[in-house]
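This report refers to the structure that appears directly beneath it.
We did not get these values from a lab; they are worked out from the coordinates using the rules stated. Because the structure is predicted, anything quoted here is derived from the model rather than measured. For neighbour counting, all protein chains shown are included, and Cβ atoms are generated from backbone atoms with ideal geometry for every residue, glycine included.
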Amino acid sequence: MSAAIQLIEDTLTHSLQSRLDALRQTGRLRRLRTVGHPQRPQITLDGQPVVDCCSNDYLGLSAHPRLIAASREALEQYGTGSGGSRLIGGTLDLHIALEDTLARFKGTEAALVFNSGYQANISLLSGLVERHDWVFADKYNHASLVDGAILSRAKVVRYPHLDMGFLENALKKAPLGSTKWIVTDTIFSMDGDAAPLQTLYNLARQYNAWLILDEAHATGIFGDRHRSGLWETTGIGPSERVIQMGTFSKALGGFGAYVAGSRQVVQAMLQFCRGFIYSTALPPAVIAANHAAVLEVMDSPNHTARLWTNIRYFESKAREALPEGTLAFIQSPIVPVILGNPEITMHSAQQLLDSGYYVQGIRPPTVPEGTSRLRITLSANHNQAQIDGLISVLQAILG
Ligand SMILES: *Cc1c(COP(=O)(O)O)cnc(C)c1O
């Protein structure tokens, strides 16, 4: 290799290395941990047996016999791959059957499956939102919604978390006649709190805006009839202006995502969403498991009921045991225990792990400076002894 080329290569790797070193020095370097024997919530983490308190498998459905059987049957009948993108030979009858069930689940005219939640959000926003439109997005929205808004090249206003006054003012100021999109998580992934959907809907109507809802952490968890997400609890029903996105990857125990809305919206996504058009369709075994999960959640309220029993049990015990101010009002299976300082947070997470509880420590840039936290997620499959154990270790660490 010539000296000149070697020099250029050294410069390249040097700049990457200095970025990595900067993360390491501030204790922010992320790393992978290996889960083995996942009989959730009992798992091994890097070989050590622990209770999993950070999975998104809220209902424990990823190990449900109905999902496994459906997945296995599809695998044997259809093989491992879907064969193409959805528009070029990859749309199996399994995809259509799932989309029909999704529309029934969500009470919408139609629904479309995407390959992941991340991909659904970047495709949806970049596909439907045009350059001269205005996007109004909650500051705490998931990264995929942030990235989708950037890709759309629209004007983006990020309003302070849940600040409806700020949002209304911003909507008022947008140019008359511009197309507006309000975009929000329904349950926020790092705080577990809920967006005020009724107010958002009223604002969307008053200011003639679309409303895009990300139900990733709410699907399967909220709603008395179908448990289809937080939108169901508003009782408003389907609306032309509301687009509901959600994932199969969390409470539904599978993989992939959906967008539900009017026939017109689904027709538009087929034409404009590049992440849908230019990517191979999800494979049969995944689609069949997703379908079985939706049917299971619709048929049987008991998974969701067990989860809520655990959430309320955790809350009543933890409120007595933990220091004042560390627990907010718990609105979902996501429970942030706010400690503030990132080093203390990561140290506490390590102490929990050493005591047999896998709880993720979350710090900037994932959450704002000064709000580092332990993020606990509860599952329908935790038993009371596991919840009691977790709380007593938390109490010993934070007490
Ligand atoms: C997890 C998540 C996503 C991404 O979904 P994947 O299927 O994991 O890609 C999108 N939005 C929110 C709010 C999420 O929590």
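Candidate membrane-span-like segments in the chain, meaning DSSP H helices with Cα atoms spread over at least 15 Å of their own axis and a Kyte-Doolittle mean of -0.5 or above, are 3-25, 65-78, 93-106, 117-128, 284-299, 342-354, 384-398, with no membrane implied.
If we count every other residue with Cβ under 14 angstrom of F105's Cβ, Lys/Arg +1 and Asp/Glu -1, where does the sum land?
My count for the surroundings of F105 gives -4.
By the beta-carbon count within 10 Å of each Cβ, the least crowded to most crowded order of K180, K250, K173, K155, fewest first, is K173, K155, K180, K250. Peptides 349-356, 81-88 ranked from most to least packed, by the mean per-residue count of other Cβ atoms within 10 Å: 349-356, 81-88. Footprinting exposure proxy ranking of I5, I334, fewest other C-beta atoms within 10 angstrom first, gives I5, I334. Can you work out the base-10 log of I(q)/I(0) for segment 18-119 at q = 0.16 1/Å, using the Debye formula on its C-alpha atoms alone? At q = 0.16 Å⁻¹ the computed log10 ratios are -1.00. Each label point was placed 7 Å from the Cα along the Cα-to-Cβ direction; for I96 and Y207 their separation is 4.1 nm.
Counting other Cβ atoms within 10 Å as a rough exposure proxy, the listed residues T13, T309, T326 run T13, T309, T326 from fewest neighbours to most. Between A4 and F272, the C-beta separation translates, for a Förster distance of 41 Å, into a calculated FRET efficiency of about 0.35.
With a Förster radius of 22 Å applied to the beta-carbon distance between Q48 and Y313, the computed FRET efficiency rounds to 0.25.
Compute and list, largest first, the equivalent-ellipsoid semi-axes of the chain from the alpha carbon gyration tensor, each √(5λ) rounded to a whole angstrom.
Values: eigenvalues 203, 154, 133 Å².
Working through the eigenvalues yields semi-axes of 32, 28, 26 Å.
Counting only lysines at least 8 places from K173 when in the same chain, those with an alpha carbon closer than 18 Å to its own are K155. Put simply, the amide H of T179, placed in the peptide plane, has neighbours under 5 Å in W134, leaving out anything fewer than 5 places away on its chain.
Annotation note: chymotrypsin sites (Phe, Trp or Tyr not before Pro) in segment 172-215 located in DSSP loop regions with a Cβ neighbour count of at most 10 within 10 Å are absent.
Each Lys or Arg adds one and each Asp or Glu subtracts one; over the other residues with Cβ under 15 Å from the Cβ of Y207, this totals +4.
Counting only residues at least eight positions apart within a chain, or on another chain, the lysines with an alpha carbon under 20 Å from that of K250 are K106.
What do you get for GluC sites (Glu not before Pro) in segment 252-329 restricted to DSSP loop and a cutoff of at most 11 other Cβ within 10 Å of the site's Cβ?
The qualifying sites are E324.
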